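Right, one structure below, let's go through it.
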Amino acid sequence: KDYFGSHLFRKPNELRRHLIEGLCQAGDVKIPKVTVVRRLKPFLEDDLDSMFPLDEYARVIAHPQREKIVLENGETIIPAPPLRMRDVVFPESSNTEQEQHQQPRIVLAVGPEGGWAEDYELNMFQKCGFQQITLGKRVLRSDVAVVSLLSL
């Protein structure tokens, strides 16, 4: 399935309309900024720090919880339990009055259904300061995962 072929990416106003509809249903007023990245590694290496500085944003990657991981060489490892959204560590705000009253900021990486490529993509994100969280063992559709995470 080609996600970039979706009508939502061809018509940005359609995506905005859906975001506004979701806000109306939730009784919220702040439209989230959505950034769609086609090439992951160049984005992480070249653009991430300027768009989402680590001292201003908590960086979070969502990935299904795994009981065990079987590597390509056949080795099985038991991963440490991932965090939940409530466990995410946010950068400490500086002492300026304006920053003390600002809402915590978060950049959330949600991948394809089934999760990110283990170990390659997960390690790339970890090296960039992302905290791995989970919504549990069930594999969710990407759109459902995004809505669920934004509601927390």
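Among the protein heavy atoms, those of Asp49 account for about 100 Å² of accessible surface (1.4 Å probe, every chain in place).
Residues Cys24, Cys128, sorted by accessible area with the largest first, give Cys24, Cys128 [1.4 Å probe; ligands and nucleic acids excluded].
Which whole-number value in Å² is the accessible area per residue of the chain, probe 1.4 Å?
Values: 11200 Å² over 152 residues.
Result: 74 Å² of accessible area for each residue.
In plain terms, the chain is cut at each of the trypsin sites (Lys or Arg not before Pro) found in a DSSP loop with at most 12 other Cβ atoms within 10 Å, and the longest leftover piece is 69-136. Each DSSP beta bridge with both residues in the chain is either parallel or antiparallel, and the antiparallel ones are about 15%. Classification of region 14-152 by its C-alpha gyration tensor yields a prolate form. The axis ratio a/c (a ≥ b ≥ c) is 1.5 or more, and a/b outweighs b/c. Under 1.5 on a/c is rounded, so check that first for region 26-74, then, if it is not, pick prolate when a/b is larger than b/c and oblate when it is not; a ≥ b ≥ c are the square roots of the alpha carbon gyration tensor eigenvalues. Since a/c reaches 1.5 but b/c is at least a/b, the shape of region 26-74 is classed as oblate.
The values are calculated or read from the model by the stated rules, or taken from the named source; none is laboratory data. None of the values given here were measured: they were computed from a predicted structure. Cβ coordinates were reconstructed from backbone atoms using ideal geometry, including for glycine residues, and neighbour counts include every protein chain displayed. Only protein heavy atoms, including side chains, enter the accessible area calculation; ligands, DNA and RNA are left aside. Shrake-Rupley method; radii C 1.70, N 1.55, O 1.52, S 1.80 Å.
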